[in-house]
Amino acid sequence: MDMLNLHCGVDRDSRGVVRLTICNAGSLNILGTSVINGVREGLQALASDHGIRALVLAGQSEKSMIGGADIKEMATLDQKSAEIFITGLRDLCEAVRTFPAPVIARLPGWCLGGGLEVAAACDFRIAADDARFGMPEVKVGIPSVIHAALLPRLIGWGRARWLVMTAENIDAPTALAWGLIDRIAPQGDLDAAVEQTVAKLLECGPGALRAQKALLRQWEDLPLKESVDLSIGVFGQCYLTGEPQRLMQDFVNRKR
């Protein structure tokens, strides 16, 4: 594993699949300011690499990808420093959400608060069968903010309201039924389940996937007609890459 900085380790294979490991953040991979900045800087450094076809976000510990934000640090904050802290976490979540290639969250164990916000910013969430999820902020006197705003889009307003207002944790089967995660891995097979998702992505055109992810982000914000009309230009621009011509001809040749 190559270390981009103290908190960001990277493994890359010959297929263009990168595993970014959150390092030196305690047994639960907790997000303090230094960890937040290190992981964000690592993501920003990788974002310009057009050879990356998929990114797997993982924690160094099998107890969690990210257990949550650092309560010990947050307990010392005042209004101004609290806003600085949460802005840093917002910027990390945005670095995940806007990463050009697909991002897969590898989710063992606990995924709470800020950890769930980072997971929600990923494109896919693959969880261990014993993973647990929750938004406990209101129990410690703060609301769930920033990318918790993605939760109603993922699971609906009622279930999002339940998570952020009751602070109740849910198990992996419940998270799957709610649409919070995409797949549950059998015990001991989390990496195999992640690899199966990676394999599906590698069957797709890399340029097309990047274009699709960018469109999805824009669809979140735009009215329907603008979303429809915007996509026409993107469709045409894809032909400048040569990727549709090559992959479609391969498809035609296989059918002969």
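Counting only residues that are over 22 Å from residue 109 (Cβ atoms) and either surrounded by fewer than 20 Cβ atoms within 10 Å (Cβ to Cβ) or of a type in the set (D, E, K, R) (or both), the stretch 53-81 holds 8 of them. Filtering the stretch 43-54 for residues that are within 19 Å of the chain's Cα centre (by Cα), in a strand (DSSP E or B) and farther than 17 Å from residue 93 by Cβ leaves a non-empty set.
Here's the yes/no breakdown for (1) acidic (Asp, Glu); (2) touching a strand residue (DSSP E or B) at 6+ places or on another chain (Cβ under 7 Å):
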| site | (1), (2) |
| --- | --- |
| 155 | no, no |
| 171 | yes, yes |
| 188 | no, no |
| 214 | no, no |
| 220 | yes, no |
| 229 | yes, no |
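Kindly indicate whether residue 155 is over 28 Å from residue 221 (Cα atoms), surrounded by 14 or more Cβ atoms within 10 Å (Cβ to Cβ) and assigned by TED's automatic domain parsing to the domain that holds residue 59. Steps first, answer last, please.
Numbers: over 28 Å from residue 221 (Cα atoms): no; surrounded by 14 or more Cβ atoms within 10 Å (Cβ to Cβ): yes; assigned by TED's automatic domain parsing to the domain that holds residue 59: yes.
Considered against the rule, which asks whether it is over 28 Å from residue 221 (Cα atoms), surrounded by 14 or more Cβ atoms within 10 Å (Cβ to Cβ) and assigned by TED's automatic domain parsing to the domain that holds residue 59, residue 155 comes out as no.
Checked against (1) touching a strand residue (DSSP E or B) at 6+ places or on another chain (Cβ under 9 Å); (2) within 30 Å of residue 15 (Cα to Cα); (3) not aliphatic (A, V, I, L, M), residue 236 passes all but a single condition, namely (1). Residues 35, 39: which one is in a helix (DSSP H, G or I) and farther than 30 Å from residue 208 by Cα? Result of the check over 35, 39: 35. Would the stretch 102-119 turn up any residue that is part of a strand (DSSP E or B), in contact with an Asp or Glu (Cβ under 7 Å, 6 or more places away or on another chain) and within 11 Å of residue 43 (Cβ to Cβ)? Checked against the condition, which is being part of a strand (DSSP E or B), in contact with an Asp or Glu (Cβ under 7 Å, 6 or more places away or on another chain) and within 11 Å of residue 43 (Cβ to Cβ), the stretch 102-119 yields at least one hit. For the condition among the small types (Gly, Ala, Ser) and surrounded by 16 or more Cβ atoms within 10 Å (Cβ to Cβ), what is the one hit in 185, 214? None of the other options fit; the residue is 185.
For the stretch 144-158, the criterion of being among the basic types (Lys, Arg), out of contact with any Leu (no Cβ under 7 Å at 6 or more places or on another chain) and under 30 Å from residue 205 (Cβ atoms) is satisfied by at least one residue.
Put simply, of 90, 125 the only residue that is in a helix (DSSP H, G or I), in the same structural domain as residue 54 (by TED's automatic domain parsing), free of Cβ contacts under 8 Å to residues at least 60 places away in the same chain and not hydrophobic (A, V, I, L, M, F, W, C) is 90. Among all positions in the stretch 19-26, there is no residue which is assigned by TED's automatic domain parsing to the domain that holds residue 98, farther than 25 Å from residue 199 by Cα, in a helix (DSSP H, G or I) and not hydrophobic (A, V, I, L, M, F, W, C). Condition first: without any contact (Cβ under 8 Å) to a residue 12 or more places away in the chain and either within 14 Å of the chain's Cα centre (by Cα) or within 24 Å of residue 33 (Cα to Cα) (or both). Can you find one or more residues in the stretch 166-180 that meet it? Scanning the stretch 166-180, I find no residue that is without any contact (Cβ under 8 Å) to a residue 12 or more places away in the chain and either within 14 Å of the chain's Cα centre (by Cα) or within 24 Å of residue 33 (Cα to Cα) (or both), so the answer is no. Among the residues of this structure, residue 230 counts as one that is in a helix (DSSP H, G or I), under 27 Å from the mean Cα position of the chain (by Cα) and on the phi < 0 side of the Ramachandran plot. Selection of the stretch 95-143 for residues being of a type in the set (D, E, K, R) and either surrounded by 24 or more Cβ atoms within 10 Å (Cβ to Cβ) or modelled with pLDDT under 95 (or both) yields 106, 117, 125. When each of 218, 245 is tested for being under 15 Å from residue 97 (Cβ atoms) and polar (S, T, N, Q), the lone residue that passes is 218.
The values are calculated or read from the model by the stated rules, or taken from the named source; none is laboratory data. These figures come from a predicted structure and were not determined experimentally. Glycine also receives a Cβ, built like all others from the backbone with ideal geometry; neighbour counts cover every protein chain displayed.
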